[in-house]
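Some notes on the structure that comes next.
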Amino acid sequence: MTISRESWGPYPLILAGAAVGVVLIFLVDPRWGGFALGAAIMVAAALRFAGYGGLAVRSKRTDVITLGAFGFVLVLTSLILANDELKGIIMSLLAR
C-alpha cells in the first residue's frame, strides 16, 4: 500500500510550523513559540475550511471550529504574556 504524495496535502507544512513553534517555546521565548504554534494551527483550520483532507471520523465543521478556537486561544495567550499591563488586569479579574 503506497501513499501518493497528493494525499498528504498540506500536512507537512502544518507539521513543520508546529515543530518550529515548539522549538521556539523551548529555545527562544514561550511568547514567540506560542504565537507560532497558534498561527500554524489556525493555518490548519483555514486549509481544512478550504477543503483539504481530514479524518473521516469528524466533520469539516468540527475540525474548523476546534482548530480555529485552539489556535486563536494560543495566539491570544501569547500576546497576553507579552503585555504585563494586560496580564495584570486579567489576573486582577480572576482574583475576585
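Numbers at a glance
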| quantity | calculated |
| --- | --- |
| All helices (runs of 4 or more DSSP H) inside region 1-74 with 1 or more residues being at pLDDT 90 or above | 11-27, 30-49 |
| Near pairs, Cβ below 7 angstrom, 6+ apart or cross-chain, from region 74-96 (in contact (Cβ under 8 Å) with a residue 24 or more places away in the chain and surrounded by 12 or more Cβ atoms within 10 Å (Cβ to Cβ)) to any residue that is of a type in the set (K, R) and in a helix (DSSP H, G or I) | S78/R31; L81/R31; L81/K87; A82/R31 |
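The values are calculated or read from the model by the stated rules, or taken from the named source; none is laboratory data. Fair warning: this is a prediction, and the values are worked out from it, not measured in the lab. So basically every Cβ, Gly included, is an ideal-geometry build from the backbone, and we count neighbours across all protein chains shown.
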